[in-house]
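Below is one structure, written out as structure tokens; the observations come after it.
The values are calculated or read from the model by the stated rules, or taken from the named source; none is laboratory data. No experiment lies behind these values; they were computed from the predicted model shown. When we count neighbours, we look across all protein chains shown, and the Cβ atoms used for this are built from the backbone with ideal geometry, even at glycine. We work out accessible area using only protein heavy atoms, side chains counted, and drop any ligands, DNA or RNA first. Shrake-Rupley method; radii C 1.70, N 1.55, O 1.52, S 1.80 Å.
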Amino acid sequence: SGESGAGKTESTKLLLQHIMSLCKGNSQLEQQILQVNPLLEAFGNAQTVMNDNSSRFGKYIQLRFQENTVQGAKLSEYLLEKSRVVQQDTGERNFHIFYYMFAGLSSEQKEMYGLLDPSFYRYISGRFGTQEVAERWKHKYQEVCNALDMVGFQEQEQVDMQAILAGVLSLGNVTFEPEESNGSVKVSEASQGWLKAAAVSHKKCQQKLYGYDALSHCLLSCCCCSLCADARDSIAKVAYGRVFGWIVCKINELLAENVDPEVELREIGILDIFGFENFAVNRFEQLCINLANEQLQHFFNHHIFQLEQAAYKEEGLPWETITFNNNEPILNLLLAKPLGLLSLLDEQSAFPQATDKTFVDKLNSSFKGNLHFQPARGRVLGFSIIHYAGKVQYAAKGFLEKNRDTLPANVRGLFISSVTPLLIPLHIHHKPRHSLARVRCGHEALLWFNGLLMFLCPCQHSLMVLMERMYSANPHFVRCIKPNREREPGVLDNQVVLLQLRYNGLLETIRIRRDGFSWRPSFEEFAER
């Protein structure tokens, strides 16, 4: 764990390499496990203002061992930030893969996929990069192609995948205007070509992605331009999410262990989660990410302080209790039923007349006087949460829409009837979705875990399953510390480091390690010795 840009993903890669070199087992499997990283980073990472290679999803890697040899591995992903496909803030980029494609595809391949100059595309903000950056992206694109081959994607599957990504970019340029004669909505004349490019995909595709008529009808069945634009963005996000899910499924097929089911395997799991974020503008996604980090901080406190000190007291040891910064009140503010922030968000999402403003008004009245909540000043539509890592101001615009996560029925139908198998979703559920608080397993269900309500969807691992697994395991914590805010190598800013040591509880951890008992053999081990 650690802030965004503190080095979690790089540390995870080093830890994987270290474990692989120690176990000296199936060398081909070990190489495959290490080589899937470029693929995951290309499709799941992006440049943010805090980090040039920021993980926009959480991943949990399970390494399975038999007699100290790695026999297989499984990757679980959750909470992919799909909204990034259709919108990025100033100084940020879309997922890496879009830029790699522009840099790495030949002129003939670009023509085949219907790709024009990157400056034309709204979903990548019309921005590209310097010649030096483009060369680096070209090399990265080759790495991705090599990884796709290694994971087992057939040539046609790779073509279809890139056709979908090109189609997503074209779809983003489709705009709408009122039909003057009858008051309905039509695709603007200027973007008719983009609509055709999005639907037909590319010259070598065995089939069309959606079909022009089906896509056009789907987009235009809404009653106003803004709703049509929402439907367009929904299609783009779902299509990208399907591609990402497909990649993870193929990786897991490749890495699955080939051993007798009766054989008991031991396991090491490595969690690489998105770091705590505090941007100039913080949205619904940042709240979800920061809630996940609050959960992990609570898990850390539980193990390092509560369980350890309880063990000393149980043993009757003379011990002076070490106090720590308990973030339970913040979790209660966010997750309590029925008056926690996410419960109130669900309640407001259920009312068709509710708006982001009525939601904020509800928060202001419900949390008046709460030490971890601050209303926004003036006419700003938002609120602040005092997290364990500091104060974060959230812009409330879009909270209800993102929590509802609605996909119009006609858009669902478009994917279900798609002639490209990749685009047919296994399940599409559409109910309010603060992604860290509701559970769905094929049917609607609510589950409580450790006093907290959690979310699970069929295609993604939730924090509930993850935390359950972690509470039953023997955890080791790797705390990544960001040395400076300027992303400069070799520079250590004392104040920046000290702030992180304090809010992570590491000063108290040092004290409990110094005053406590770091090595605790069982009575049997001790007696035998």
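Observations, loosely collected:
- Straightening the chain between Asn332 and Glu189 buys 46.3 nm, computed as 0.36 nm per residue apart minus the Cα-Cα spacing.
- Cross-link pairs beyond the 18 Å C-alpha cut-off, checked among Lys74/Lys250; Lys82/Lys362; Lys357/Lys397: Lys82/Lys362
- Two-site FRET efficiency, Asn146 against Glu401, from Cβ-Cβ distance with R₀ of 51 Å, rounded to 0.05: 0.85
- Taking a Cβ cut-off of under 12 Å around Gln309, the surrounding Lys, Arg, Asp and Glu residues balance to a net charge of -4, with basic ones at +1 and acidic ones at -1.
- Antiparallel %, DSSP beta bridges [both residues in the chain], to 5: 95 percent
- Semi-axes of the equivalent ellipsoid for the chain, Cα gyration tensor, largest first, Å: 41, 30, 22
- Theoretical ellipticity at 222 nm over the chain - DSSP helices of four or more residues, -39500 (n - 2.57) apiece, nearest 500: -13500 deg cm²/dmol
- Span from the segment 49-84 Cα centroid across to the segment 337-371 one, whole angstrom: 33 Å
- Computed E for Glu157/Val49 - FRET, C-beta separation, R0 35 angstrom, nearest 0.05: 0.50
- Computed over segment 284-403, the alpha-carbon pair-distance distribution with 5 angstrom bins reads 2, 10, 19, 20, 16, 10, 7, 6, 4, 3, 2, 0, 0, each value a whole percent.
- Degrees, to the nearest 10: 284-301 long Cα axis against longest axis of the chain: 20 degrees
- Close amide H contacts of Val174 (hydrogens built in the peptide plane, cut-off under 5 Å, sequence separation of 5 or more or a different chain): none are found.
- For segment 88-97, 3J(HN,Hα) per residue [Karplus equation, 6.51 cos²θ - 1.76 cosθ + 1.60, θ = phi - 60°, Hz, x = Gly/Pro]: 9, 7, 4, x, 10, 10, 6, 4, 3, 4
- Accessible area in the full protein assembly, largest first, 1.4 Å probe, for Trp519, Trp194: Trp519, Trp194
- Long-range tail of P(r) for segment 30-185 (Cα pairs > 19 Å, %): 61 percent
- Note on Arg502 and Phe526: the model spin-label points, each 7 Å out from Cα along the C-beta direction, lie 3.9 nm apart.
- List Leu34, Leu227, ordered by accessible area with a 1.4 Å probe, largest first: Leu227, Leu34
- Exposure check, 1.4 Å probe, all protein chains in place: Cys224 carries approximately 50 Å² of accessible surface.
- At the residue level, Lys138 shows approximately 100 square angstrom of accessible surface with a 1.4 angstrom probe and all protein chains present.
- Cys223 contributes an accessible area of around 100 Å² to the protein surface, as traced by a 1.4 Å probe with all chains present.
- Applying 1/(1 + (r/R0)^6) with r as the Cβ-Cβ distance of Leu307 and Arg377 and R0 = 30 angstrom yields a FRET efficiency of 0.15.
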